[in-house]
Amino acid sequence: MLAQDTSRIEQLTEIQNHFADCAEWLLSFSETSDFAVEAREIEIAWQNAKLVLSCPTMRGWQHWTIAAWEKVGEKLIFQTARKLTSASIILEFTPRIPVENLREDVQKARLLKARELAELARITFSNWAKIERVSLNQSNQRGKVGTIARILLALPNAKTVAVCSSIIEKTDAGNLLSNSILWLTKLEERRKISELWLVGEGKSADDLQKLHALLRDGWREKTKIYQRQTNSQRTDVQAEKEETEFLEFIEPLRLTDLWTEKSKKLLHPKKAELSETAKTILQLAPEAIDVLRSKHGETLRFHGLPFVRISEILGGEQVWFGTDARRKRNLNDASMEDFSDLLENLREHRQSDTNDKLNAFYKAASESWLESILRRDVSRLDPNLVLAPLYSQFRLSNKKGALDLLALRTDGRLVVIELKTTADREHVFQAVTYWQQIEVHRRCGNFQNLKLFGDLPILDAPPLVYLVAPLMSFHRDFEVLANAITPEIEIWRFDLNEDWRGGIRVARRRTNFRGQNDNLFL
């Protein structure tokens, strides 16, 4: 039961740990039939000094205030509190799929795919090659199974080839390449690796080919890109076609080859007039709220955290509010008090000087918070940057993902700015991918033709890359990855003060990651 002498955090953690032991639970209570719920859909939180459990049911998303709970065998049983004299409801959660069993099954399936790939690579290289080792990478997330196959092939001439490939669909090429470079770097501390093979499929292989062209010469020469292909052949016995797989070598691109690619259509993000609703809400906290305009509406953010969505539907407006996309509510007279409570909570907890640094409002969307500060005054990062126009969440295509900030320096140089607030291995390759897309548009004259920066001239020079994160928040292998990039791309690293929420200050900036040309502002 809920012990009175147990702290809130201990109670919360204990329940969360119980739910984390199983991937899926069966929820039973008197008002509905049994309902399967994934562990990630179950939310436990303290709200107004009450322990609240929330999860989806057959009647939609529901919330209960927990009066007491206990674990009976494998079941989790919760007694809910009701107002006045109404009878309470007993919730029972029965585990369906233990996480450990699910993890083992996933790992076995992925290892099997990795071994199939290893055999394919062995045959592609030489029948005399020997598979020395097959493994999966270690996931950054606790309890998650790796998604990248790591294979070592021993050749008859005593050379060794390292092979890497994702074994799940929709793989990000930058993630695969950065993971492979770091693995190979550690391997070569103990032994010599003659080549690194990166294996992709379809769009992933094309993206790897482009990223390969952005590597430094040493890495380009050592790395080869292959693509999984399938062909059909006729069998003699059944006179039927059967499919066989093989690895096809992809000819490497030079950096100059990337500029022959046809640029995708680039749309000017028009600055439309704000809706009256957006103007009204903006005035409630103008120092904290900003507005992102999209094709069919507006998103209002409180220090970068989206909390209001205004959509234009059939000539009218629909307004929703809430910080959880799954629990947004219509804003109307009946819900105005709840909206005011939300705004008051944001004012109290989403501030740099809040007393509760563990509050979800404070911790959520930290990168967007950093972006919202720079969006108001990007000169805090570099005084040479033009204050306006400045483009945040700039989309270069219809695909998922957007560049954090696109800016222009006073000398006319375009600047690609990518922000992180926690260590992220993909920081470098994510930025150089955007750099390549921006450079294609620049060479085609799209920015100038669209007057994206008004009448300001754009220098005939490649964009700069600014990688930004608080002190101690760059990935520990950042310099290894940055040094793998061609020197044709000028990368700057900006280390910010750790208490950046209260005001941004550049503590250090570097452009040569071998220890020269450092500019310290400590």
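The values are calculated or read from the model by the stated rules, or taken from the named source; none is laboratory data. This is a predicted model, so every value here is computed, not measured. We place every Cβ from the backbone using ideal geometry, glycine too, and count neighbours over all the protein chains shown. All accessible areas refer to the heavy atoms of the entire protein, side chains included, with ligands and DNA or RNA removed. Shrake-Rupley method; radii C 1.70, N 1.55, O 1.52, S 1.80 Å.
Key figures
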item	result
With DNA, RNA and ligands ignored, accessible area of residue 105 (1.4 Å probe; Å², nearest 10)	100 Å²
Dipole of the chain [Lys/Arg +1, Asp/Glu -1 at C-beta], most positive-end residue of 199, 302, 267	199
Of all accessible heavy-atom area on the chain, the percent that carbon and sulfur account for (1.4 Å)	47 percent
Probe 1.4 Å - accessible area at residue 349, Å² to nearest ten	30 Å²
Alpha-carbon Rg with Dmax, taken over segment 291-345, Å	11.2, 33
Value of Rg/Rh across segment 396-470 [Cα atoms, Kirkwood radius]	0.98
Cα-based equivalent ellipsoid, segment 324-461: semi-axes from gyration tensor eigenvalues, Å	34, 17, 16
For residue 58, solvent-accessible area (1.4 Å; no DNA, RNA or ligand), Å²	120 Å²
Where 347, 254 fall by accessible area, highest first, once all protein chains stay in place (1.4 Å)	254, 347
Cα-only Debye scattering, the chain: base-10 log of I(q)/I(0) at q = 0.08 Å⁻¹	-0.69
Greater than 31 Å apart at Cα, pairs in 108/363; 75/144; 108/203; 357/451	108/363; 357/451
Length-normalised contact order of the chain in % [C-alpha pairs under 8 Å, at least 6 apart]	7 percent
